[in-house]
1. For the pair Lys379 and Asp246, what calculated FRET efficiency results from E = 1/(1 + (r/R0)^6), where r is the Cβ-Cβ distance and R0 = 30 Å, to the nearest 0.05?
2. Would you mind calculating the relative contact order of region 205-334 from Cα pairs under 8 angstrom and at least 6 residues apart, reporting the percent as a whole number?
3. Which value in nm describes the separation of the simple spin-label points at Asn303 and Asp259, placed 7 Å from the Cα toward the beta carbon?
4. Quote the relative contact order of the chain in percent (integer), defining contacts as alpha-carbon pairs under 8 Å separated by 6+ residues.
5. Can you flag which of Lys234/Lys320; Lys219/Lys332; Lys79/Lys390; Lys320/Lys358 are past 30 Å Cα-Cα?
6. Quick one: if the Förster radius is 41 Å, what FRET efficiency do Glu158 and Leu115 give, using the C-beta to C-beta distance and rounding to 0.05?
7. Return the calculated 222 nm mean residue ellipticity for the chain, to the nearest 500 deg cm²/dmol, obtained by summing -39500 (n - 2.57) across DSSP H runs with n ≥ 4 and dividing by the residue count.
8. Using DSSP to define loop residues, name the trypsin sites (Lys or Arg not before Pro) in region 92-201 whose beta-carbon has at most 10 other beta-carbon atoms within 10 Å.
Amino acid sequence: MSANPSFLTRLSGWGTAPKIFFRRELLPVLADLRLAIVLLLAIAVFSISGTVVEQGQAAAFYQANYPEHPALFGFLSWKVLLTLGLDHVYRTWWFLALLILFGSSLTACTFMRQLPALRWFSRTSRKFYSQPRQFQKFALSAEFEQTSLDDVLPLLEEQRYKLFRQDDALYARKGIIGRIGPIVVHASMLLILVGAIVGALTGFVGQEMVPSGQTFQIKNILDAGPFAESQIPKDWSVKVNRFWIDYTPAGAIDQFYSDMSVLDSDGKEVKRKTIHVNEPLRYRGVTLYQADWGISAIQVRINNSPIFQLPMAQLDTGGKGGRIWGTWIPTKPDLSAGVSLIAKDLQGMLLIYDTSGKLISTVRAGMSTPVNGVTLAVKEIVGSTGLQIKADPSIPIVYAGFGLLMLGVMMSYVSHSQIWALQKDGQLYIGGLTNRAQVAFEREMLEILERLDTQKQETKAAVVV
């Protein structure tokens, strides 16, 4: 039984059809500069929106700041923000799709235009011109009598041209690095895009408010990629040894500090550093920034009692600005009486109010005051450090991409200059072109032509003599 030849032909051709479609139809579309510009603008617009709209906040935050009535610009409400994912722009599927599509466009452009052009330049056999009419296309060319290629060679070598000769034809070039520069730029942008995708998929952002003296593990994650679980540390913790604030003579905050230790799973200190704003702690790809502060507790003594610690909570100021913390301190063992204590910082005056809301006394840390028939001594105000925690494995990739981008841009500024020469029928034809710095190239060419003309005149004079 024999197979149908036409069927076998169609079957073997079925696998090549997608390849032909991809090569002839899809690749030219992806490599289109207009598509790349549109994608780049879209990425820029959504990146700006991610900067303007606060990222990674709770739904209540967006409900309070982006109400439905009236909606911002008439349509931008909290429902629209959450539906489109504008509360976490850089991790949405559509933003990642834009990055992948833009990367595909750059890759297609590199393989369809940049690399073929580079391969063409490497094939010196295609560079030689054999007909005088080919020199007519150059804007800058000349024709000499009684001049040979041997007269041109030393002049081009002085200008650091790389020379290729084939019989009576000559090709010279320099600045080939300028042709490689755009390819390096494309590669760097692809590296940056890969870094952005890796960061969106594997990075996380967390926040912790930790009282001075306590140890914590990173658990309060605000925003994380789908594969960020491996980046969240589980085998080490951090201890806040001490938190303090430096104040200016006027009483304003100058700087706040956190002395922190990284502890391994056995509780052994493996790293210690005092951090402040713009000076974070980094460990195993996780960065802890000093971002905020608060008052977590107060240590007091009633008469001769042991020192005990009471938590303090931040109070609502009704939008009047500033922050205050308060707690209630019992002055009787049965908790039937007590006072309220208010603080606004770690060094200022503490205000004491009775149950009717009347200010009855003031006190500072390290001092005591009589209230309700007892002596209230304030030993210490315990501060808490606010930490912003980030992990982004893509940072080395992105930094390498930007470094490569700067290198590619500098390479692209190098002019790629080419000069052709042909000796035929007793005549020497010479011409050249460059891709940039046209004026400098014209001066260089004119200098070479003038020196050739001078050599010709000297040769004639020597013959006459």
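Since every read-out is calculated from the coordinates, none of them should be taken as a lab result. Being a predicted model, the structure only gives us computed values, none of them experimental. Glycine gets a Cβ as well: all are built from the backbone with ideal geometry, and neighbour counts include every protein chain shown.
1. On the way: r = 21 Å, r/R0 = 0.71.
The calculated FRET efficiency here is 0.90.
2. Details: 201 pairs, mean separation 17.3, N = 130.
Computed value for region 205-334: 13 percent relative contact order.
3. Label at Asn303, label at Asp259, 3.6 nm between them.
4. Working: 780 pairs, mean separation 85.5, N = 465.
The value is 18 percent.
5. Flagged as over cut-off: Lys234/Lys320; Lys219/Lys332.
6. Details: r = 32 Å, r/R0 = 0.79.
After rounding to 0.05, the efficiency reads 0.80.
7. Numbers: 12 runs with 160 residues, N = 465.
So the helix-based figure for the chain works out to -11000 deg cm²/dmol.
8. Qualifying residues, ordered by number: Arg123, Arg160.
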